[in-house]
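What follows is a single structure, written as structure tokens, with notes after it.
The values are calculated or read from the model by the stated rules, or taken from the named source; none is laboratory data. Computed from a predicted structure; not experimentally measured. Note that we place each Cβ from the backbone using ideal geometry, even for glycine, and neighbour counts take in every protein chain shown.
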Amino acid sequence: MLPIIATPKYDMIVPSTGESITYRPYVVKEEKILLIALESESEVAIERAVTDIIKACLETPLDIKTLTMFDIEFMFTTLRSKSVGEGIDVVLNCDNEECDATQKIKINLDDVYVANLETAGENMNVKINDDVSVDLKYLGYSDNLTQGQRTTETEAAINMVAKTIETIYSGEETFACKDAPFKEVVAFVESLNNDQFASVIKFMQDSPVITYDIEYKCRECGTDNVKTLKGLSDFFS
């Protein structure tokens, strides 16, 4: 039998729980999954590839369905750093509105951190009106939108808000959204006014997210740029 190349093992901390887990870098077999997904340009396929690679590389038993999206994004970024290298190039636009230059900047994935983690778990109940309030949750593995749920930016935003709502309280009644048809949760979201909708959006915007801070000088106009990358798409778009 031909030999199988041994791979090293590393430890990382799951951001949402503080649990230490062991993993191995991904190899060609897993990278092929990612490359095929990237070639398809399907967000659904890419998200599925990312989670499939994490599941394949974990050495510690872990139910990936219990992870938040910021867990998954941090874990994949860490995997990418150990598997391919910590340095990646991103192409950024200049902050100067009169300058249309783009610039390739190398960033170090080992310096990526999870922002807003210190406030995680706060403000997860939002009052809609005097009679109605909602409990919110951080989006997780099972909350990825289907292709049909993201046909437009508006549809995607409404569906993401619907998936963020965990429980609805109306008077003395309590409704667990996981037990209700998703279309009914969407209908509830569509019945919100702009301020009520914005209050849930703010919770999502303030949620923990993988982050990288960059400062660089534009080589065309000399502007000092200060940028923040947030979310997996900013790193691997």
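Has the stretch 26-37 got any residue that is in contact with a strand residue (DSSP E or B) (Cβ under 6 Å, 6 or more places away or on another chain), more than 17 Å from ASP234 (Cβ to Cβ), assigned to a helix (DSSP H, G or I) and not β-branched (Val, Ile, Thr)?
To start, the set of residues in the stretch 26-37 that are in contact with a strand residue (DSSP E or B) (Cβ under 6 Å, 6 or more places away or on another chain) comprises none.
The answer is no, given that none of the residues of the stretch 26-37 is in contact with a strand residue (DSSP E or B) (Cβ under 6 Å, 6 or more places away or on another chain), more than 17 Å from ASP234 (Cβ to Cβ), assigned to a helix (DSSP H, G or I) and not β-branched (Val, Ile, Thr).
Apart from one condition, ASP100 fits all of (1) surrounded by 12 or more Cβ atoms within 10 Å (Cβ to Cβ); (2) at pLDDT below 95; the exception is (1).
Considered as a group, the residues in the stretch 118-138 that are within 30 Å of THR78 (Cβ to Cβ), outside any strand (DSSP E or B) and touching a helix residue (DSSP H, G or I) at 6+ places or on another chain (Cβ under 8 Å) include one that is modelled with the lowest pLDDT, and that residue is ASN123. Residues in the stretch 8-47 that are touching a Ser or Thr at 6+ places or on another chain (Cβ under 9 Å) and among the charged types (D, E, K, R) were compared, and the one that is farthest from GLN149 (Cα to Cα) is LYS9. Would you say ILE33 is without any contact (Cβ under 8 Å) to a residue 40 or more places away in the chain, hydrophobic (A, V, I, L, M, F, W, C), surrounded by fewer than 12 Cβ atoms within 10 Å (Cβ to Cβ) and not assigned by TED's automatic domain parsing to the domain that holds ASP143? No, not satisfied. Exactly one condition in (1) within 30 Å of GLU122 (Cβ to Cβ); (2) assigned to a loop (DSSP other than H, G, I, E, B) is not met by MET75; state its number. (2) is the only condition that MET75 fails.
Residues that are closer than 27 Å to THR211 by Cβ and exposed (fewer than 14 other Cβ atoms within 10 Å of the Cβ) within the stretch 14-30 comprise THR17, GLY18, GLU19, SER20, THR22, listed in sequence order. Considering (1) in contact with a Leu (Cβ under 6 Å, 6 or more places away or on another chain); (2) touching a residue at least 24 places away in the same chain (Cβ under 8 Å), the lone condition that THR51 does not fulfil carries the number (1). Taken as a whole, the condition of being closer than 28 Å to THR152 by Cβ, among the polar types (S, T, N, Q) and crowded, with 19+ Cβ neighbours inside 10 Å applies to THR68.
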